[in-house]
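Scroll down for the structure; my scribbles are underneath it.
The values are calculated or read from the model by the stated rules, or taken from the named source; none is laboratory data. Computed from a predicted model, the values in this text were never measured in an experiment. Don't worry about glycine lacking a Cβ; one is built from the backbone with ideal geometry, like all the others, and counts go over all protein chains shown.
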């Protein structure tokens, strides 16, 4: 139940430190973890949020067995608070970035296969430069991470974003997100090495559609890029299983009759490269463009620029 407001909230009397506590609680989903982030005790965090609840007239959080859950009002407030705090931080902190001293936390959202390809290079860069930075890799569960970036829930999203990039290009200079391409790959049909279709020569469209399939879908949607191409020519395939990890896809396909479609560069990341066969698809889905997205608020931040440069280096061939 929302707290009744005794008066309209007064910004002039609002303790802005309470917004830092609110931001940490939203980011961590736990008052204890928020306290650790802010070097505060859990009771101090709880007291600060109580003061903010009284000032704003909303409960802001409800307790759960795993921490705290934000109210709808808190969800609306958080992106604005995060953007304002980031702007203030950039205004008052030194412009220089000391790689070996500044203990910056970077939150990167990406699929498991993307992480398998890029994270080793990022760790190598951190070790080589004795960097004080910390990386937190988070699962990417959508092809459209704009909301995550706008809410400052992640610092960088890496993957293929076929709907987002054209939208940003259409927005031009007004776009709130930035994009940089990293590398291109292509879709291939993958099956276990001794699958009958792996020994049958060129894969026909009829044989492909008749076979049982596994789909990798971050969002859980029961269709992907291949299904869109098939629908355009009046065909469809039978998807027996949908998973959200490329590693899982490789393990299942290596031990079943299922076919799947993967970006060719992700095959090594499945961990089952030697047990799998690659067969050319009988259709031609679009090229997979892998890139990174970030919010404009981080565009000129020296630490974030350092991170982006390391990602570009990790994605470079060889």
Problem set entry | Odd one out for residue 306, checked against (1) surrounded by fewer than 16 Cβ atoms within 10 Å (Cβ to Cβ); (2) in contact (Cβ under 8 Å) with a residue 24 or more places away in the chain; (3) within 25 Å of the chain's Cα centre (by Cα) | (1)
Exercise. Would it be correct to say that residue 305 is in a helix (DSSP H, G or I) and assigned by TED's automatic domain parsing to the domain that holds residue 119?
Worked result: yes
Exercise. Being surrounded by 15 or more Cβ atoms within 10 Å (Cβ to Cβ), within 21 Å of residue 23 (Cβ to Cβ) and modelled with pLDDT under 95, is that true of even one residue in region 111-127?
Worked result: no
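Using the structure shown, decide if residue 109 is assigned to a strand (DSSP E or B), within 21 Å of residue 178 (Cα to Cα) and assigned by TED's automatic domain parsing to the domain that holds residue 298.
Details: assigned to a strand (DSSP E or B): yes; within 21 Å of residue 178 (Cα to Cα): yes; assigned by TED's automatic domain parsing to the domain that holds residue 298: yes.
Criteria met by residue 109.
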For this session: Select from region 79-104 the residues that are modelled with pLDDT of 90 or more and in contact with a strand residue (DSSP E or B) (Cβ under 9 Å, 6 or more places away or on another chain) and write down the one among them that is farthest from residue 304 (Cα to Cα).
Result: 103
For this session: Return yes when residue 312 is within 25 Å of residue 251 (Cα to Cα) and in contact (Cβ under 8 Å) with a residue 60 or more places away in the chain and no when it is not.
Result: no
Exercise. Since residue 273 meets every condition but one in (1) on the phi > 0 side of the Ramachandran plot; (2) at pLDDT below 90; (3) more than 24 Å from the chain's Cα centre (by Cα), which condition does it not meet?
Worked result: (1)
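So that you can scan it fast, the table gives a plain yes or no per residue for (1) surrounded by fewer than 13 Cβ atoms within 10 Å (Cβ to Cβ); (2) in a loop (DSSP other than H, G, I, E, B):
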{"site": "25", "(1), (2)": "no, no"}
{"site": "40", "(1), (2)": "no, yes"}
{"site": "51", "(1), (2)": "no, no"}
{"site": "87", "(1), (2)": "yes, no"}
For this session: Go through (1) at pLDDT 90 or above; (2) part of a helix (DSSP H, G or I); (3) under 29 Å from the mean Cα position of the chain (by Cα) and name the single condition residue 62 misses.
Result: (2)
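Those residues that are loosely packed, with under 15 Cβ neighbours inside 10 Å and out of contact with any strand residue (DSSP E or B) (no Cβ under 7 Å at 6 or more places or on another chain), I need them from region 53-69; list them, please.
Residues satisfying the conditions are 54, 63, 64, 65, 66.
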For this session: Would you be able to say whether some residue in region 154-161 is in a strand (DSSP E or B), out of contact with any helix residue (DSSP H, G or I) (no Cβ under 8 Å at 6 or more places or on another chain), modelled with pLDDT under 95 and buried (at least 19 other Cβ atoms within 10 Å of the Cβ)?
Result: yes
Problem set entry | Output for region 169-180, where each listed residue is at pLDDT below 90 and surrounded by 13 or more Cβ atoms within 10 Å (Cβ to Cβ) | 175, 176
For this session: Would you kindly identify the strands (runs of 3 or more DSSP E) lying entirely within region 181-255 that contain at least 1 residues that are exposed (fewer than 13 other Cβ atoms within 10 Å of the Cβ) and in the same structural domain as residue 279 (by TED's automatic domain parsing)?
Result: 238-243
For this session: Quickly run through region 71-85 and pick out the residues that are more than 25 Å from residue 302 (Cβ to Cβ), touching a helix residue (DSSP H, G or I) at 6+ places or on another chain (Cβ under 8 Å) and surrounded by fewer than 19 Cβ atoms within 10 Å (Cβ to Cβ).
Result: 73
